[in-house]
Amino acid sequence: MESHPTYKDVQAICQKYPKLAGSFFQVYNDILLSQGWKDVKVIDVEQVGRAVICGKRKADEPELVVVPCALSESISIEW
């Protein structure tokens, strides 16, 4: 993971939340490289102990927010 070219974009978040690093890195790369989203940015949401990924599927579409999580993890939308 650390040797991948995009790691520098998420390194700070992966180090801050090491338990979430794998799933976060995978989702980030999927959104950025596979799906080709525009204006992709990482936002640290300290209040809930994780980061989110924001971006647009196409430049003229509204911004979306993705909460990366592991398949075994339970999260709440009641933040």
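The values are calculated or read from the model by the stated rules, or taken from the named source; none is laboratory data. Here the structure is a predicted model, which is why all the values come from computation and not from measurement. Neighbour counts run over all protein chains shown; Cβ positions are idealised from the backbone, glycine included. To get the accessible areas, we keep the full protein, side chains included, count just its heavy atoms, and leave off ligands, DNA and RNA. Shrake-Rupley method; radii C 1.70, N 1.55, O 1.52, S 1.80 Å.
If you check every pair at least six apart or on different chains, which have Cβ atoms under 7 Å apart with a residue in region 53-79 that is over 18 Å from residue 9 (Cα atoms) first and a residue that is loosely packed, with under 10 Cβ neighbours inside 10 Å second?
none
Can you name every residue in region 28-52 that is in a helix (DSSP H, G or I), under 13 Å from the mean Cα position of the chain (by Cα) and without any contact (Cβ under 8 Å) to a residue 24 or more places away in the chain?
Matches in region 28-52: 30 only.
Using beta carbons and a limit of 8 Å, which pairs, at least six apart or on different chains, have the first residue in region 1-27 and among the small types (Gly, Ala, Ser) and the second one assigned to a helix (DSSP H, G or I) and open to solvent by 80 Å² or more (accessible area, probe 1.4 Å)?
21/15
Provide a single number: the residues in region 64-79 that are part of a loop (DSSP other than H, G, I, E, B) and surrounded by 13 or more Cβ atoms within 10 Å (Cβ to Cβ).
Number satisfying all stated conditions: 4.
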